[in-house]
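Report on one structure; see the data block that follows.
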Amino acid sequence: MSGQSCNGSTLAVRFEIHAGREVAVPGIKWIRGKENLGECQRAYIEARDKAGLGHSQFGCAEVFSDSGEHIAHISYNGRVWPPEPWTPNSTPLAEVPQPKYQIFDSMDRPVSCKSDCQTHLYEQWQGLQDEAEEERSRLTYAIGKILPNGDVTFEF
């Protein structure tokens with residue numbers, strides 16, 4: 001993927017959070033100081049995933065150089081596009097990067113979305129809750145983590 005910053009300048013990613021069904025603070029957000037389009041893409045995807053908002057609330061991104069030149073567009077799904085308006089013949093500059101590791105559920109299906117991870121954690125937590133009830137005990141809270149190898153741990 002091309003996209004080294006021009007003349008040693010850094011790149012900035014601009015996106016907008018919109019009001020909607022989920023609680024979020026609307027406004028224009030910036031991610032600054034990125035060296036290339038790959039870093040911009042990863043930073044946008046990380047911000048999108050952390051926000052947990054859908055496309056209607058978490059807008060696509062525009063990438064700019066320090067001088068204000070429009071370098072690229074990042075769609076909600078994470079693809080990087082040329083700055084020109086999209087057409088059916090448009091070719092992305094970069095596809096969505098693959099995760100560093102893959103998490104699988106108990107049926108050996110890839111877990112790739114945040115909602116899948118939440119479902120996976122909930123199902124594991126529900127199993128703990130059921131075990132506690134069988135023992136006539138009470139599970140007051142549990143913080144779940146999915147480890148890089150796919151194992152689930154809980155802190156009580």
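Of note:
- Hits in region 79-92 (condition: at pLDDT 95 or above and either hydrophobic (A, V, I, L, M, F, W, C) or at positive phi (or both)): Val80, Trp81
- The conditions of being closer than 10 Å to Ala12 by Cα and polar (S, T, N, Q) are not met by Ser56.
- Checking each residue in region 64-90 for being within 22 Å of the chain's Cα centre (by Cα) and outside any strand (DSSP E or B) picks out Ser75, Tyr76, Asn77, Gly78, Arg79, Pro82, Pro83.
- If you go through region 55-75 and keep only what is without any contact (Cβ under 8 Å) to a residue 60 or more places away in the chain and surrounded by fewer than 13 Cβ atoms within 10 Å (Cβ to Cβ), you end up with His55, Ser56, Gly68.
- Looking only at residues in region 76-92 that are buried (at least 18 other Cβ atoms within 10 Å of the Cβ) and touching a Lys or Arg at 6+ places or on another chain (Cβ under 8 Å), the one that is nearest to Arg48 (Cα to Cα) is Gly78.
- Verdict on His55 being in a strand (DSSP E or B) and out of contact with any helix residue (DSSP H, G or I) (no Cβ under 8 Å at 6 or more places or on another chain): no
The values are calculated or read from the model by the stated rules, or taken from the named source; none is laboratory data. Every value quoted in this text rests on a predicted model; they were computed, and no experiment measured them. Note that we place each Cβ from the backbone using ideal geometry, even for glycine, and neighbour counts take in every protein chain shown.
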